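To start, the structure under review is shown below, and the notes come after it.
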Amino acid sequence: MNSEDKFYMLNALWFKPDGGREKYQEYLRAAGPIVLRFGGRPLPSFKPFKAVIGKFDADLIFFVEWPSWTVFKQFMADPDYQAIVHLREEAITDSLLIRCQRLD
């Protein structure tokens, strides 16, 4: 995989108690237009129900399709995104982002 290949970012999030989920919704409303401007395409979100094998207790998981790693880095450095990234940090206790490639 090179930096110009399309990829999928797996996001797993653990919300802070007492309002973290709501604060994350505020972040999504602010970040959504910026993601779209950079060609990101949010895919459906899921609430994990129960780990069948192993331990995994995230509050929310979802993928975002990105045109390339180069574009993703531009998104992360964008001043409009940097102005709202604090909302994400205020909402979560932990996160896991994994860069993935489709196999088909």
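Taken over segment 48-75, the criterion of being among the basic types (Lys, Arg) and within 15 Å of the chain's Cα centre (by Cα) is satisfied by Lys73 alone. Residues of segment 1-31 that are open to solvent by 70 Å² or more (accessible area, probe 1.4 Å) and assigned to a loop (DSSP other than H, G, I, E, B): Met1, Asn2, Glu4, Lys6, Lys16, Pro17, Asp18. All conditions but one from (1) under 14 Å from the mean Cα position of the chain (by Cα); (2) touching a residue at least 24 places away in the same chain (Cβ under 8 Å) apply to Asp78; the one that does not is (1).
Can you confirm whether Leu36 is closer than 22 Å to Met76 by Cβ, open to solvent by 80 Å² or more (accessible area, probe 1.4 Å) and either acidic (Asp, Glu) or not in a loop (DSSP other than H, G, I, E, B) (or both)? Yes: the conditions hold for Leu36.
For segment 57-104, the helices (runs of 4 or more DSSP H) that sit wholly inside it and include 2 or more residues that are more than 20 Å from Gly39 (Cα to Cα) and modelled with pLDDT of 95 or more are 85-91. A search for C-beta distances below 8 Å between a residue of segment 3-29 that is of a type in the set (Asp, Glu) and modelled with pLDDT under 95 and any residue that is open to solvent by less than 60 Å² (accessible area, probe 1.4 Å) and outside any helix (DSSP H, G or I), counting only pairs 6+ apart in sequence or on different chains, returns Glu4/Ser68; Asp5/Ser68. Considering segment 39-56 alone, what residues qualify as being of a type in the set (Gly, Ala, Ser) and assigned to a loop (DSSP other than H, G, I, E, B)? Those that are of a type in the set (Gly, Ala, Ser) and assigned to a loop (DSSP other than H, G, I, E, B): Gly39, Gly40, Ala51, Gly54. On the basis of being of a type outside the set (S, T, N, Q) and within 21 Å of Phe75 (Cα to Cα), does Glu26 make the cut? Criteria met by Glu26. Ile53 meets all of the listed conditions (1) in contact with a Pro (Cβ under 8 Å, 6 or more places away or on another chain); (2) more than 20 Å from Arg102 (Cβ to Cβ) but one, namely (1).
The values are calculated or read from the model by the stated rules, or taken from the named source; none is laboratory data. Because the structure is a prediction, the values reported are computed rather than measured. In this analysis, Cβ positions are derived from the backbone assuming ideal geometry, glycine residues included, and neighbour counts consider all displayed protein chains. Ligands, DNA and RNA are excluded from the accessible area calculation, which covers all protein heavy atoms including side chains. Shrake-Rupley method; radii C 1.70, N 1.55, O 1.52, S 1.80 Å.
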